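Here is the structure we will look at.
None of the figures in this text is laboratory data; all of them are computed from the coordinates on show. Quick caveat, the model's predicted, so the values are computed rather than measured. Here the Cβ positions follow ideal geometry from the backbone for every residue, glycine too, while neighbour counts run over all protein chains shown.
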Amino acid sequence: MIATPSNHTLSNEPSLLSDEHIAGKISPTRKHLLLVAPPKSGSTWLGTLIEELLQWKAKPLLPDTERREQEIDWRPMLSDTDINLFTPHQHLRASRATLKFIEKCQVKTIILSRNLADSIASYRDHFVNFKTISPIVFADNTYRKLDPKAQIDFLIDLALPWYFNFYVSWASVKQIPLHCVRYEDLRRDPEHELHRILNFVGETKSDEEIMKTLTKVAGMKTRRNKAVSGRGINLLTNDQKNRIQRLHDYYSHIDLNRFGI
């Protein structure tokens, strides 16, 4: 006869990994910063800058990447409940579950954004030069056999709706403070943007410390392609730009200006 767990054991085990149990274990005095961004927005670069500048423990909150939707996994929080944490970029849309995590675990959240045409241009380069595995659109090696215009068309038709879903979901958040960083501003004046981020999380670093961090990270590999703002406008045809605008028009009632969209 096979022994089965008692009802008492079965009823207690789930509570040990429940959201409420995990949130209750977290020290109210520690700090946690989460970077949220769409693909090809400079998030690896910004994440590396923040990690080097703050020197907080990096704490990814997803069990795997590749084609998996990058939803928050609460469980890794249990191993670090009383130290400052930085969660590197996740391609994460706002949802009730995500906002619950941010509120319950007292997480400061940065939203990084980038011009849509430039994002598409960078995404196209990434698929051509690196890998086509993505959490927001399914592509395989046949993508590289398309002509350049068709490669852009593919991303406008199949990836860009996710981008709008991302931006509109975060633009609709009212109950928690969000810190918005535009890639274009970060490229133009990284010192200023890093000071703004530090102020958002209640930390202070000198200009010298910030400049040393920028110099150090400049020599690292951060998955950048061209790192140029505005090239998408020249790469896309007028028809492609109009198709992006048509997608934007569906959300004309939502203010996306803070994202530069």
Charge dipole of the chain built from unit charges on the beta carbon (Lys, Arg +1; Asp, Glu -1), centred at mean Cα; most positive-end Cα among Phe259, Gly232, Phe138 is Gly232
Heads up, the stretch 127-256 by the C-alpha gyration tensor (a ≥ b ≥ c square roots of eigenvalues; a/c under 1.5 rounded, else a/b over b/c prolate, else oblate) looks oblate
Highest-MSF residue in the chain out of Gly230, Gly219, Gly42 [GNM, Cα springs under 10 Å]
Gly219
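Nearest 500 deg cm²/dmol is fine: what mean residue ellipticity at 222 nm does the chain get from its DSSP H runs of n ≥ 4 alone, each adding -39,500 (n - 2.57), divided by its residue count? Working shown, then result.
Working: 12 runs with 118 residues, N = 261.
Computed mean residue ellipticity for the chain: -13000 deg cm²/dmol.
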Cut-off 10 angstrom, C-alpha nodes, Gaussian network model of the chain. Which of Thr44, Thr109, Thr237 fluctuates the most?
Thr237
Selected from Asn165, Pro28, Ala94, residue furthest toward positive end of dipole (the chain; charges at beta carbon):
Asn165
If each K or R counts +1 and each D or E counts -1, the residues other than Leu146 whose Cβ falls under 11 Å of its Cβ total +2
Hey, if you put +1 on the Cβ of every Lys and Arg and -1 on every Asp and Glu Cβ in the chain, which of Gly42, Phe200, Ile120 ends up farthest toward the positive end of that dipole?
Ile120
Please get the size of the charge dipole for the chain, origin at its Cα centre, with Cβ charges of +1 on Lys and Arg and -1 on Asp and Glu, quoted in debye to the nearest 20.
440
Just to be sure I understand: with springs between alpha-carbon atoms less than 10 Å apart, which residue in Lys145, Lys40, Lys100 has the highest mean-square fluctuation in the Gaussian network model of the chain?
Lys145
Here is the link list: Lys31/Lys104; Lys25/Lys100; Lys31/Lys59; Lys57/Lys205; Lys108/Lys131. Which ones come out longer than 20 Å on Cα distance?
Lys108/Lys131
